[in-house]
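Before any comments, here is the structure.
The values are calculated or read from the model by the stated rules, or taken from the named source; none is laboratory data. Note that the coordinates shown come from a computational prediction; the quantities given were computed from them, not determined experimentally. A quick note on method: Cβ atoms are made from the backbone with ideal geometry, for glycine too, and the neighbour counts reach across all protein chains shown.
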Amino acid sequence: MSTVDSVTAEANALEAQFTAGELSASEYTELLQDLQSTKVIEAAADDLATLTQLNGLIKGLIAVASAV
Amino acid sequence: MVQCAEENTRGTKMKKLLLVTLLSLSGCVLIDSYNMAHFDNVEYMQINNIRTVANLGVGKCGTADVNTVVDSLYFSSVALRNYSSNISHNLATAKMTTELVVITKELSERYNGTEAVSTAYCKLKFGVIEKNAVTMQKVIGDKPR
């Protein structure tokens, strides 16, 4: 499932709960905003994962180059 | 003599490979990744605590005990943000922890406000916090040692 599809599915699930009266309007709005916050966290997590991979690569290359 | 010449050739190839790899990366990314903040036990413990409290706290939704859990989550997320944001070369982690505070602050404000809070909201909110804590824990735990 793509990112857009998964966000749409989550938003639809929230809308269903709101329509069923399980969530107030302000709670519904807040939970929709949380979907955006979750995307911000996931993007930063991807950045951190990339930096970690690069860090390993660079240190590995330096170790190999110094051993030769 | 022959062995020395082979080793020199291999050494030159390795240096070329290193140079090509380094040149193919942008300078800033290279420096950021080389200098990035390493694994930190305290940071990892704090995000694990938030994850666990959110995981167990969802069972308290709809009871009076949930207020204590909400306060604990907000306190822990602010503590983690304050801790991570002052570590050098830790921008991505600071960004995640800052956003987590936004989520827990809303929860805290709602429970400390005058309007009634629905059980459905409580369960969904704890789910959001736990999901994000799991995402963060994985990358924080993978930081270089």
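Data for the structure
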| read-out | value |
| --- | --- |
| Every pair of residues 6+ apart whose Cβ atoms lie under 8 Å, when the first sits in segment B:115-135 and is more than 17 Å from B:S77 (Cβ to Cβ) while the second is surrounded by fewer than 22 Cβ atoms within 10 Å (Cβ to Cβ) and hydroxyl-bearing (S, T, Y) | B:E115/A:S24; B:E115/A:S26; B:V117/B:Y111; B:S118/A:S24; B:Y121/A:S24 |
| A:V7, sole failed condition from (1) among the hydrophobic types (A, V, I, L, M, F, W, C); (2) facing chain B (nearest Cβ under 9 Å); (3) in a helix (DSSP H, G or I) | (2) |
| Matching residues, segment B:119-129, being surrounded by 19 or more Cβ atoms within 10 Å (Cβ to Cβ) and either touching a helix residue (DSSP H, G or I) at 6+ places or on another chain (Cβ under 6 Å) or not assigned by TED's automatic domain parsing to the domain that holds B:K60 (or both) | B:A120, B:Y121, B:L124, B:K125, B:F126, B:V128, B:I129 |
| Test for B:E130: is it within 12 Å of the chain's Cα centre (by Cα), charged (D, E, K, R) and assigned to a helix (DSSP H, G or I) | no |
| Contacts under 8 angstrom Cβ, first residue in segment B:72-85 being part of a loop (DSSP other than H, G, I, E, B), partner modelled with pLDDT of 95 or more, 6 or more apart | B:S85/B:A94; B:S85/B:T97; B:S85/B:T98 |
| Residues satisfying the stated conditions in segment B:101-118, i.e. of a type outside the set (A, V, I, L, M, F, W, C), surrounded by 15 or more Cβ atoms within 10 Å (Cβ to Cβ) and farther than 27 Å from B:F39 by Cα | B:E106, B:S108, B:R110, B:Y111, B:S118 |
| Total residues in segment A:15-55, condition out of contact with any helix residue (DSSP H, G or I) (no Cβ under 9 Å at 6 or more places or on another chain) and at the interface with another protein chain (Cβ under 7 Å from one of its Cβ atoms) | 0 |
| A:S2 being closer than 30 Å to B:A37 by Cβ, more than 7 Å from chain B (Cβ to nearest Cβ) and modelled with pLDDT under 95 | no |
